[in-house]
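Undergrad: Quick one: this structure, given as structure tokens, is what I'll be asking you about.
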Amino acid sequence: MATNNGDLSDDETQISKNIAPSKGQAKGLQKSPTFEPASKFESLGNNDPQENDPQESHNHFLNSQIINVSEQKQAKHQEDFDLFQRELGDSISQERRLQTKQSITQSKEHSEVSFVGHFELDHTDPSSLLETSSMVLDGSIFSGTESISAELGIEIFRLMARSRALEERTIKMSKSGEGIFWVGGPGEEAFNICLGLQVYKGQGPTYDYLHLHYRSAAILLALGMPMQDHLRQMAMTRTDRHSRGRNFVGHYAIPEWNVVPISSVIEVQYTMAPGTAIMQNRFGGNGISIVSGGDAGTAEGDFTSCMVWSTRPNNQLPVLMLVTNNGYGISTPAKSQHGETNISDRGGPFGIVSETVNGNDPVASWHAIKRAMTYVRTERKPYLLEALVSRLHGHSSSSGAARVSSEPDCLFLFEQKLIQAGVLDAASADMIIHEAYEEADRAVEEIIHEAAPLPEDVEKFTYAPSNVDFIYPEDYTGLPI
Ligand SMILES: Cc1ncc(C[n+]2csc(CCOP(=O)(O)OP(=O)(O)O)c2C)c(N)n1
């Protein structure tokens, strides 16, 4: 991942590196002649090759090679994936555990209220680690019958606070002239943090692909993106790793984490997700394609295309379709446009398992996402999850981005829940929030004077290098040769 220290030459090198296929990808590309024709895959296991037909026996040979490679890969993937699941069961990585423990220790020092809950997990028992998120611990946080551990709850709260602080600092930039246009996701933190924490993160088909929209800062923060990477795009600096200062804020592109470039054109991501999912099915493993967008966008044909492509008989795809329903498309209320009760009801006619969850509730969201992901990973079929979320600062800076007081605030609600559960006291919660706002301020100071884009950069790095474009081989600009 780019260090983003503001050193342009390093950054340039990094961008070139990002464009070059990774080892794993390069291998995939080399195999593309055998991977491409879908018919070969569709025929796998169905028919014996016609012995007298040289084309058929050649196909059979290729298929057997694919199966061998695929089995070996699958074993390796399973190993990697099991490791990931153990880490997830642990709720958070070692580094995060440390940070959370520091927060807890500082909070303890800060106030007399002690924390309830068992923070040490039995690392010798993988099954207990796998089930950590649903273990019922003293002092755990409940929503109905579902619960998460105190440790995970505090981690989610801390990330939600960081995301809110980042969004609000970014809105300030749009008003102070440090940036121009703001769009983002304050009000979606509860759902998006829970999503980001459960993504199987990495590069290539083994891992999850993310086809996101422009309100995804919380997902990226939960994945580990530094605040600076978001702010450079807002400030349109040349050091912006996503677009070199040439796109709106929140339009991320991170090859190392399979974050597909985010488009301002709404809903196109829903037609792209089946593409990566087809490739993941052919490749094998547990990776899934996650796609998210707003409620209004579901009126576009792309949303239906995604459902059609993900449910073809014998060709179902591991696509996790997410809709964050904030109740509006810019200024048009969803209620005036949707005849169906829930957007998730749209999955029914396609046989897609669907659910609507309160996206302002991290406990419910954590479990709904976990259910959905487990289903898509294991069944290799689509799932439609709709999250009801708030829009706390309107559509974008174009509508003023003022705080809307009538919308429920997931950060405030979760803070209250943690306090009531005896997991956190008010002073400790304040401290976590205060630290988040300080971090956002420091990050802006760090990046704000970095270089602006140059006119000669405008066409650079528009396309990834490709060895498959025989028609327009010269069509790429600024590529490292
Ligand atoms: C294809 C297309 N049509 C129209 C627009 C203009 N537009 C930008 S955002 C938006 C509203 C999207 O609403 P929704 O899908 O509910 O997502 P939200 O912004 O509320 O998260 C529209 C219509 C666009 N960007 N792309």
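Undergrad: Once amide H atoms are built 1.01 Å from N in the peptide plane, which residues 5 or more positions from Ile352, or in another chain, come under 5 Å H to H?
TA: The answer is none.
Undergrad: Next question, about the same structure. So which chymotrypsin sites (Phe, Trp or Tyr not before Pro) in the range 160-241 pass both tests, a DSSP loop state and at most 15 other Cβ atoms within 10 Å of the Cβ?
TA: Values: sites: Phe181, Trp182, Phe191, Tyr200, Tyr207, Tyr209, Tyr214; in loops: Phe181, Trp182, Tyr200, Tyr207, Tyr214.
When the chymotrypsin sites (Phe, Trp or Tyr not before Pro) of the range 160-241 are filtered for loop state and at most 15 Cβ neighbours within 10 Å, Phe181 remain.
Undergrad: By how many nm would the segment from Ser263 to Asp345 lengthen if fully extended, with 0.36 nm per residue of separation less the alpha-carbon distance? Write out the running numbers ahead of the final one.
TA: Numbers: separation 82, 0.36 × 82 = 29.52 nm, distance 2.61 nm.
Extra length from Ser263 to Asp345 when fully extended: 26.9 nm.
Undergrad: For Glu386, what residues show an amide H to amide H distance below 5 Å, using hydrogens built from the backbone and excluding near sequence neighbours?
TA: Sorted by chain and number, the residues that satisfy this are Val323, Glu355, Thr356, Val357.
Undergrad: Could you run the Karplus curve 6.51 cos²θ - 1.76 cosθ + 1.60 with θ = phi - 60° over the range 402-407 and give me ³J(HN,Hα) per residue in whole Hz, x for Gly and Pro?
TA: 6, 5, 9, 6, 6, 7
Undergrad: In sequence order, what are the phi-derived ³J(HN,Hα) couplings for the range 324-341 according to the Karplus relation 6.51 cos²θ - 1.76 cosθ + 1.60 with θ = phi - 60°, rounded to whole Hz, with x for glycine and proline?
TA: Here the 3J(HN,Hα) series is 9, 8, 9, x, 9, x, 6, 10, 9, x, 4, 4, 7, 10, 9, x, 6, 5 Hz.
Undergrad: So what J values fall out for the range 147-158 if you push phi through Karplus, 6.51 cos²θ - 1.76 cosθ + 1.60 with θ = phi - 60°, rounded to Hz, Gly and Pro as x?
TA: Couplings: 8, 10, 6, 4, 4, 5, x, 5, 5, 4, 4, 4 Hz.
Here, each number is a calculation from the coordinates, and none is a lab measurement. The shown structure was predicted, so the numbers you read here are calculated from the model rather than taken from an experiment. No Cβ is skipped: glycine too gets one built from the backbone with ideal geometry, and neighbour counts run over all protein chains shown.
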